[in-house]
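J.: After the structure tokens below, expect a handful of questions from me.
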Ligand code: ACO
Ligand code: ZN
């Protein structure tokens, strides 16, 4: 236990520079040993290569010709774009992203085997290029019907609705696949809060429209949210009763309205008409 505690708590890299931000890190990340003595790392915001010294980054930026993540742009709406990166085709990028992400993710094992994953990178684009805001990873084939492995919004962009956008996006992909999905466990506290928020808003909207006359199975078919996640969300909202050995939805309109008021609106919607994507085969 002690060793584990030390492993997760002792940070090596205290800050990173990424694009126009200097960001304080949250957790340990197992960078290669030659970076053990570094307090600060300098990332190229486009290819995610990292360096020990500012001058190295400046030299790199003069010759790095990427202006967006590698891979395919599968979504564009206004200044927001989403890129799909295949870990097998862009191994170094995938590994760099995992090192970076682990700085903000506790109790997640780092996948060296990036081959098995697709990475969905959300960017804010301007005339200088497409700047990463956050991402999620997804196994190409999941036995457990996971539709998301790790999710991160970079700290300078947190609490602006990007997390819920990424979550919504992961379910839109599942809908296109004709499958239900669920995030890989364990969820962090912030991960659970974000998922609970997303599930709550999506389910309440549908319940309100259908005046509660809908089954958990139908909700799952419409949203690609796994039935267990629907049940736990509705239970926490006290909208489930157990009758004759069955869970039934009891959506009292007054209770629905009270919850809807408390749920708040996520501003950043996924515009499905702007998603151009076919499932991985
Ligand atoms: N304090 C309280 N509630 C919060 C906070 C916070 N600091 N951050 C997010 N929330 C809750 C709120 O309910 C918020 O909704 P609201 O703003 O409407 O009230 C909701 O989460 C989502 O907020 P977003 O702005 O959409 O999410 P954000 O862009 O901040 O991203 C995320 C959420 C991805 C979890 C981010 O906090 C993050 O990257 N954390 C570090 C990495 C992490 O823990 N990832 C999840 C691990 S689990 C997994 O990967 C399967
Ligand atoms: Zn670069």
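Values quoted throughout were computed directly from the atomic coordinates according to the rules given, and no laboratory measurement underlies them. Computed from a predicted structure; not experimentally measured. Neighbour counts run over all protein chains shown; Cβ positions are idealised from the backbone, glycine included.
J.: How far is helix 253-263 tilted, in degrees, relative to the longest principal axis of the Cα atoms in the chain, given as a value from 0 to 90 rounded to the nearest 10?
T.: Roughly 10 degrees, rounded to the nearest 10.
J.: Given the options 246, 58, 158, state which has the largest fluctuation in a GNM of the chain using a 10 Å cut-off (strictly under) for Cα springs.
T.: So, out of 246, 58, 158, the one fluctuating most is 246.
J.: Once the Cβ-Cβ distance between residue 241 and residue 206 is put in as r, and R0 is 25 Å, what FRET efficiency do you end up with, to the nearest 0.05?
T.: Calculated value: 0.85.
J.: With just the Cα atoms defining each centre, how far is region 30-90 from region 233-269? Give it in Å.
T.: Centre-to-centre distance over Cα atoms comes out at 42 Å.
J.: Rounding to the nearest 10 and keeping the result within 0 to 90°, find how far the Cα-based axis of helix 162-177 lies from the longest principal axis of the chain.
T.: So the inclination is approximately 70 degrees.
J.: When a/c is below 1.5 the answer is rounded, else prolate if a/b is larger than b/c, else oblate, so apply that to the chain with a ≥ b ≥ c taken from the square roots of the Cα gyration tensor eigenvalues.
T.: Prolate is the answer for the chain, as a/c is 1.5 or above and a/b outweighs b/c.
J.: So how much slack lies between residue 231 and residue 213, counting 0.36 nm per residue of separation and subtracting their Cα-Cα distance, in nm?
T.: Details: separation 18, 0.36 × 18 = 6.48 nm, distance 1.53 nm.
Taking 0.36 nm per residue and subtracting the Cα distance, the gain is 4.9 nm.
J.: If you count, for each residue, the other Cβ atoms within 10 Å and average over each peptide, how do 128-134, 146-152, 187-193, 24-30 line up from highest to lowest?
T.: Taking the mean over residues of other Cβ atoms within 10 Å, the ranking is 146-152, 128-134, 24-30, 187-193.
J.: Taking every DSSP beta bridge that has both residues in the chain, what percent is antiparallel when rounded to the nearest 5?
T.: In the chain, approximately 85 percent of DSSP beta bridges are antiparallel ones.
J.: Could you tell me whether region 78-197 comes out rounded, prolate or oblate from its Cα gyration tensor? Rule is a ≥ b ≥ c as square roots of the eigenvalues, rounded for a/c under 1.5, then prolate if a/b exceeds b/c, otherwise oblate.
T.: Since a/c stays below 1.5, the shape of region 78-197 is classed as rounded.
J.: When a footprinting reagent is the concern and you count Cβ atoms within 10 Å, what order do 250, 38 take, fewest first? Numbers along the way, then the final one.
T.: Values: 250 13, 38 18.
In order of increasing Cβ crowding within 10 Å: 250, 38.
J.: Cα axis of helix 91-102 to longest principal axis of the chain: angle in degrees, 0 to 90, nearest 10?
T.: 70 degrees
J.: Taking neighbour counts of Cβ atoms within 10 Å as a proxy for exposure, in what order, fewest first, do 248, 85 appear?
T.: Exposure proxy ranking, most exposed first: 248, 85.
J.: How would 121, 276 line up from fewest to most surrounding beta-carbon atoms within 10 angstrom? Before the final figure, lay out the partial values.
T.: Values: 121 25, 276 10.
With the sparsest Cβ surroundings first, the list reads 276, 121.
J.: For region 189-263, what does the alpha-carbon gyration tensor say about shape, rounded, prolate or oblate, given a ≥ b ≥ c as the root eigenvalues, a/c under 1.5 as rounded, and a/b over b/c as prolate?
T.: Rounded, because the longest to shortest axis ratio a/c is under 1.5.
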